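Asker: The following block contains the structure, expressed as structure tokens.
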Amino acid sequence: QVQLVESGGGSVQAGGSLRLSCVASGLPFKFAWMGWFRQTPGKEREFVAAVSRSGATYYADSIKGRFTISREDTRNTAYLQMNSVEPEDTAVYYCAAARLFSRAGSAYEYWGQGTQVTVSS
């Protein structure tokens, strides 16, 4: 059984930092890409970043230069380092796993339960 479990969310002031973690268990090797998405009430889930097993990365323009995605396969963990956060970054953040890279959530077959990030001004 595949499980993705996020942690590290919370409340932070604008300009601060948070690091989200996503621990994967039971994930087949063919799922080479780990991605982070976020969603706010009334809006569609939005692509944030993705990282491949080889270390290739993609970012959404809205967070480029502020967030960094990484992974540590020996720990089956993906990370999202969030720096210089803004109130607009407030959302539930989800990690997900895909076989190929895509910015579309539909390409990701496994999802975590999400972790809330709240940024106050």
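Asker: What's the extension gain from V5 to T74 if we count 0.36 nm per residue and subtract their Cα-Cα distance? Show your work: numbers first, answer last.
Answerer: Details: separation 69, 0.36 × 69 = 24.84 nm, distance 1.61 nm.
So the chain would gain 23.2 nm between V5 and T74.
Asker: Separate question: Pairs of alpha-carbon atoms within less than 8 angstrom and 6+ residues apart define the contacts here; what relative contact order does the chain have, in percent?
Answerer: Working: 301 pairs, mean separation 43.4, N = 121.
In percent, rounded to a whole number, it is 36.
Asker: Per residue, what accessible area does the chain have, given a 1.4 Å probe and all protein chains present, in Å²? Walk me through the intermediate numbers first.
Answerer: Details: 6250 Å² over 121 residues.
Roughly 52 Å² per residue, with all protein chains present.
Asker: Given a 1.4 Å probe and every protein chain left where it sits, what share in percent of the accessible area of the chain is carbon and sulfur?
Answerer: 48
Asker: Using 7 Å Cα-to-Cβ label points, what is the F29/A107 separation (nm, one decimal)?
Answerer: With each label point 7 Å from Cα toward Cβ, the separation is 2.3 nm.
Asker: Also, quick follow-up: Charges at C-beta only: +1 for Lys and Arg, -1 for Asp and Glu. How large is the resulting dipole of the chain about its Cα centre, in Debye rounded to 20? Can you show the working numbers first?
Answerer: On the way: 12 positive and 10 negative charges, 61 e Å.
Approximately 300 debye in magnitude.
Asker: Run the numbers on the stretch 14-72 and let me know its relative contact order in percent, using alpha-carbon pairs under 8 Å that are six or more apart. Please list the in-between numbers first.
Answerer: Values: 52 pairs, mean separation 13.0, N = 59.
It comes to 22 percent, rounded to a whole number.
The values are calculated or read from the model by the stated rules, or taken from the named source; none is laboratory data. Being a predicted model, the structure only gives us computed values, none of them experimental. Using ideal geometry, Cβ is built from the backbone for each residue, glycine included, and neighbour counts are taken over all protein chains shown. All accessible areas refer to the heavy atoms of the entire protein, side chains included, with ligands and DNA or RNA removed. Shrake-Rupley method; radii C 1.70, N 1.55, O 1.52, S 1.80 Å.
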